[in-house]
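One structure below.
The values are calculated or read from the model by the stated rules, or taken from the named source; none is laboratory data. Please read all numbers here as calculations on a predicted model, not as lab measurements. In this analysis, Cβ positions are derived from the backbone assuming ideal geometry, glycine residues included, and neighbour counts consider all displayed protein chains. Side chains are part of the model used for accessible areas, which takes the heavy atoms of the whole protein and leaves out ligands, DNA and RNA. Shrake-Rupley method; radii C 1.70, N 1.55, O 1.52, S 1.80 Å.
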Amino acid sequence: MSRRVVAVLALSLLPALAAVAETLNPDQLLQRIRSERAAEVSAMQEREQAFLAKRSEQAQLLAAARSALNTQKAESERLKAEFDRQEAELAEQEKLLAQRVGHLGELFGVVRQSAGDVAGQWQDSLLNAQYPERLKRLKALAESRSLPSAEDLDGYWMLLLEDLAASGRIERLQLPVVNTDGSRQEQQVLRVGGFAVYGEDAFLRYDADAGQLVAPLRQPSGLGQVKDYLSSKDALATLPIDPSRGSLLAQLQQQPTLWDRLQQGGLVGWVIVVLGAFGLLLALWRMVYLGRVGSGVKAQMHDLSAPRNDNPLGRVIGVLGAKPQLADLETLELKLDEAILQETPPLEKGQGLLKLLAAVAPLLGLLGTVTGMIVTFQAITQSGGGDSRLMADGISQALVTTVLGLVVAIPLLFLHSLLASRSKGLIQVLEQQSAGLIALHLSGAPRRD
């Protein structure tokens, strides 16, 4: 053992020796130090021998560790070289894939664009009621951001073939239908290609928003031909179809009725309608009255010798009496003129008011036109003219009131002219008969029919 180790051991034993020295004498202390030193030297020698015995083994372990380290370094170099080789090969493959996908990408872009166009064309197709899932598939293909698979392309092709085949077939199917009262039930419908579909008692149209068949309120003519077709066993039969694939039927639902037109005229339009109805009733009443008066006058003309009070001619003749004693011609003429003047107002009654209504109706139509244009200009001021629907009310009022004014005025003018001609005809008959009576009275001859 080296001196340095012994010195260290001595220094470590100094505190213990100092404690023991307090209880032992110098000889005992020296003897104890020697014995303990001999035991420690022996222990250190044994440890040294054991370390020397394992020295060769530690060298072997160190050599094995160095050998394993060298092996791992070699493997790391090999793996690094393999990684670099595969990375370069991957870059080449990606470049090749990009070149090949570039051509296919154009093809897939065309497919997506075509699927979007077809989905837009099929949006309102009545075939969607029978094949409700095809629009979802088309939209999924059109909105896809990844390359479509071979199954997607094949499915797109099959959708086109199914639509082509279904467009050429006439089928009877069980499909849900929304009736006019809003109820939804399964019905047996007749589908004629992609042009028309008929329910049990109505033409049907496809509602793209709801995705179902709807029975519209307004039905076109021709439903009887559909029933004849269903009951016919002939090889050829006639069926009414909509060549616009439902657009005409949809426009029929938007076409306003007479009641809708009247409502579009507004307050001025209703005033014109009321005046027109009043004028028509007045004209009918006067026509009936003049007809009855004319019948009475005709009956009286067959028997002028017996005047009656139920007609104007009889009352005019009755002025002279059964045996007139008037010798003065001027007095006789004045008497008859007075009688004719008394009968003229009842015959011409209502004609002035009818003429006034015929003149006022176009003026009211012009008033409605002006108010409608005011509403239109207000809508343009508020919206800037960007939305034509806001101007539709004013334009509708302007046009409808003009039409109503003309529709009311024209018939009233004809009726006024007819009433005026009939009343003038009756007055002329009274004047002619009065003139004849004067001539007969002066000649003293008996009166004849």
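A few comments on the model shown:
- Considering only G199, S231, V177, the residue lying farthest towards the positive end of the dipole of region 169-245 is S231, judged by Cα position with unit charges set on Cβ.
- When all alpha carbon pairs of region 68-129 are counted in 10 Å bins from zero, the resulting P(r) reads 18, 19, 17, 15, 12, 10, 6, 3 %.
- With DNA, RNA and ligands ignored, accessible area of K335 (1.4 Å probe; Å², nearest 10): 90 Å²
- Note on region 31-166: along the principal axes its Cα atoms extend 121, 36, 20 Å, ordered by decreasing extent.
- Entries in K349/K424; K335/K424; K298/K349 that, when Cα-Cα distance is taken, lie over 18 Å: K335/K424; K298/K349
- Amide H partners (placed H, <5 Å) of Q187, local residues excluded: L175, V177
- In this structure, T381 and T257 have a Cβ-Cβ separation that, at R0 = 41 Å, corresponds to a calculated FRET efficiency of about 0.85.
- Straight-line cross-link reach from K95 at under 26 Å between alpha-carbon atoms covers these lysines, not counting any fewer than eight positions away in the same chain: K80.
- Long-range Cα-Cα pairs in region 169-245 (distance over 20 Å), rounded percent: 27 percent
- Intensity falloff of region 123-220 expressed as log10 I(q)/I(0), Debye formula with alpha-carbon point scatterers, at q = 0.10, 0.22, 0.25 Å⁻¹: -0.32, -1.10, -1.31
- The distance separating the Cα centre of region 395-417 from that of region 89-167 comes to 59 Å.
- Largest first, the residues H302, H416 sort by 1.4 Å accessible area into H302, H416.
- Probe 1.4 Å, all protein chains present, accessible-area order of F83, F414, largest first: F414, F83
- By a 1.4 Å probe calculation restricted to protein chains, E87 has an accessible surface near 100 Å², given to the nearest 10.
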